[in-house]
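To start, the structure itself, in structure tokens.
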Amino acid sequence: MITLCKTEDVKEGNSKGFEVNGTFLFAVKKDKQLHLYHNRCPHLGTPLEWEEDRFLEGDGALIRCATHGALFEIDSGQCLVGPCKGKTLHAIAFEIQEGELVIDESRLKQPMAF
């Protein structure tokens, strides 16, 4: 198991990026729930953030791709607007152990198609 961070490191309504063995991920906390995704837009495979740890649009209600402005639901990763409408972000299964966000290393495999 790999520890990404303490759950308190991802503040409510915010996001945080991670790099683990060359794979880029990000977490978002919404309504006290954490969501973890590969940091890869399903349109072109580009990173989503527009600045370090900045994956959300202005009011923090949606995930925004910095490349083409696609908007994704935080809870499901579903693209609502943009060139990848109807596709989803690749979610990563995780566990919370003793207040830490942890993943199984086998979960780091990225989807190849975009």
For the chain, the dipole about the Cα centre with charges only on Cβ (Lys and Arg +1, Asp and Glu -1), to the nearest 20 debye, works out at 460 debye
The answer for trypsin sites (Lys or Arg not before Pro) in segment 1-85 that fall in a DSSP coil and have at most 16 neighbouring Cβ atoms within 10 Å is Lys11, Lys32, Lys85
In nm, the gap between the two label points placed 7 Å beyond Cα toward Cβ at Glu12 and Lys109 is 3.8 nm
Once both label points are put 7 Å beyond Cα along the C-beta direction, the Thr3-Ser76 separation in nm becomes 3.5 nm
Here the relative contact order (percent) of segment 2-108, from C-alpha pairs under 8 Å and at least 6 apart, is 26 percent
Taking a crude spin-label model, label points 7 Å out from Cα along the C-beta direction, the Ile96 to Glu51 distance in nm is 2.8 nm
Here, GluC sites (Glu not before Pro) of segment 1-92 satisfying both criteria (DSSP loop; at most 13 other Cβ within 10 Å) are Glu12, Glu52
Here the equivalent ellipsoid of the chain, derived from its Cα gyration tensor, has semi-axes (largest first, whole Å) of 21, 16, 11
Excluding near-sequence neighbours (fewer than 8 apart on one chain), segment 2-108 holds lysine pairs with C-alpha atoms under 26 Å apart numbering 17
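Read-outs throughout are calculated quantities, based only on the coordinates presented, and are distinct from any laboratory measurement. This one's a predicted model, so the numbers in the text were calculated from it and none came from an experiment. Every residue, glycine as well, gets a Cβ built from its backbone with ideal geometry; the counts of neighbours run over all protein chains shown.
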